[in-house]
1. List every residue pair whose Cβ atoms lie under 6 Å apart, where the two residues are 6 or more positions apart in sequence or sit on different chains, the first residue falls within the stretch 170-197 and is more than 21 Å from Pro98 (Cβ to Cβ), and the second residue, located anywhere, is open to solvent by 60 Å² or more (accessible area, probe 1.4 Å).
2. Anything in the stretch 45-75 that is open to solvent by 70 Å² or more (accessible area, probe 1.4 Å) and farther than 29 Å from Thr142 by Cβ? List them, or say none.
3. For the stretch 2-44, how many residues are surrounded by 12 or more Cβ atoms within 10 Å (Cβ to Cβ), of a type in the set (Gly, Ala, Ser) and assigned to a helix (DSSP H, G or I)?
4. Can you tell me which residue among Asp78, Asp82 is of a type in the set (Asp, Glu), part of a helix (DSSP H, G or I) and open to solvent by 20 Å² or more (accessible area, probe 1.4 Å)?
5. Condition first: in contact (Cβ under 8 Å) with a residue 24 or more places away in the chain and among the hydroxyl-bearing types (Ser, Thr, Tyr). Now tell me which residues in the stretch 89-111 satisfy that.
6. Take Thr103 and tell me if it is within 14 Å of the chain's Cα centre (by Cα) and open to solvent by 80 Å² or more (accessible area, probe 1.4 Å).
Amino acid sequence: MGRPKGYDRDTVLVAARDLFWERGYEATSISEIEERTGLNRSSLYQEFGSKRDLFDAALECYADQVVATLLAGLREPDASLDNVVALFRRLARLFRSPASVSTNGCLLVNTTAELAARDDRVRPAAAKYRDGLRAGFAAALTNAAERGEIEADVVQIRAHMLASTLMGVWLTVRIDPRDASRLCDTIAGEVASWERR
């Protein structure tokens, strides 16, 4: 029987995730990961296999924790236009906050921009994220259509548009958080205007 681990795997994974989120995959060194997680290189490799395997686990952790939490309101049984508006208003407030996370953007969008053009391992995660955004927006918009708030024939096109718009917002916040905040407020107002009177 081996010695028990002197660390919590999930805590290490979140620390690495946040470092990758701040710096990107290629700019993050193993030394920085060691410093952030408190584990030495040998322990990291033993637990995760390689820097790339750790990164893949960090992306999965991000999708399961951060993205799922962000999109939860869109998948509520009674979600509608109000939930879509609330998502963009919440992002607008986040981007106005002084928290450093407000300028990190989205780890999955950042990774797509950094690696997807030349790394086949990233594309499936990027597509899954995009499809999840589309499905979340479609769920809320379908409910809105069933309530007569919007026309049913615009649900899919608007869900795709909102997913692409949100992915663009995540890049915009890295350039100018105030601009991204204003953009989110504008998007929220536009979505609210879709409601039939």
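The values are calculated or read from the model by the stated rules, or taken from the named source; none is laboratory data. This structure is a prediction, so every number in the text was calculated from the model and none was measured. Cβ: placed from backbone, ideal geometry, glycine included. Neighbour counts: every protein chain shown. SASA here: full protein model, heavy atoms, side chains in, ligands and nucleic acids out. Shrake-Rupley method; radii C 1.70, N 1.55, O 1.52, S 1.80 Å.
1. Final answer for the pair search is Ala188/Arg89.
2. Scanning the stretch 45-75 gives Tyr45, Gln46.
3. 3
4. Asp82
5. Ser100, Ser102, Thr103, Thr111
6. Against the criterion (within 14 Å of the chain's Cα centre (by Cα) and open to solvent by 80 Å² or more (accessible area, probe 1.4 Å)), Thr103 does not qualify.
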